[in-house]
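Input: one structure, supplied below.
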Amino acid sequence: MKNLHDVQKLLKKFNIIVYVGKRKWDIELMGIELDNLYHAGVVSKKEYMTAKMILTHEHEIEEEKETSAKDSNGLS
């Protein structure tokens, strides 16, 4: 697992497709679904940790995009 698409493929194995309409929210919901799969014991700790790191990284990217968009619009 190397990127967000790989996390989506993992979730799809369990018939979980996430699309809220805003990438940041999709990533947050994928994290919740991943937590549920891990607590149910259907994904390994390694898969879980790798996927969580990818989601955290992607979420940080989205946060940075929002911050730069506010900064470029003169909002603080």
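The values are calculated or read from the model by the stated rules, or taken from the named source; none is laboratory data. On a predicted model such as this, the values are computed, not experimentally measured, just so you know. Cβ atoms come from the backbone with ideal geometry, glycine included; neighbour counts cover every protein chain shown. What goes into the accessible areas is simple: the full protein's heavy atoms, side chains included, and nothing from ligands, DNA or RNA. Shrake-Rupley method; radii C 1.70, N 1.55, O 1.52, S 1.80 Å.
Which residue is nearest to the chain's Cα centre (by Cα), if the candidates are limited to segment 39-62 and must be open to solvent by 70 Å² or more (accessible area, probe 1.4 Å) and of a type outside the set (K, R)?
Among residues in segment 39-62 that are open to solvent by 70 Å² or more (accessible area, probe 1.4 Å) and of a type outside the set (K, R), the one nearest to the chain's Cα centre (by Cα) is T56.
While we're on this one: Quick one: which of D71, D6 is open to solvent by less than 70 Å² (accessible area, probe 1.4 Å) and either modelled with pLDDT under 95 or among the charged types (D, E, K, R) (or both)?
The conditions single out D6.
Residue check: is S76 in a helix (DSSP H, G or I), modelled with pLDDT under 95, small (G, A, S) and open to solvent by 60 Å² or more (accessible area, probe 1.4 Å)?
No, not satisfied.
Among all residue pairs at least 6 apart or on different chains, which show Cβ distances below 7 Å where the first residue, located in segment 13-36, is in a loop (DSSP other than H, G, I, E, B) and the second is of a type in the set (A, V, I, L, M)?
Correct list of pairs: F14/L37; F14/V42; V18/L11; V18/L29; V18/M30; V20/L29.
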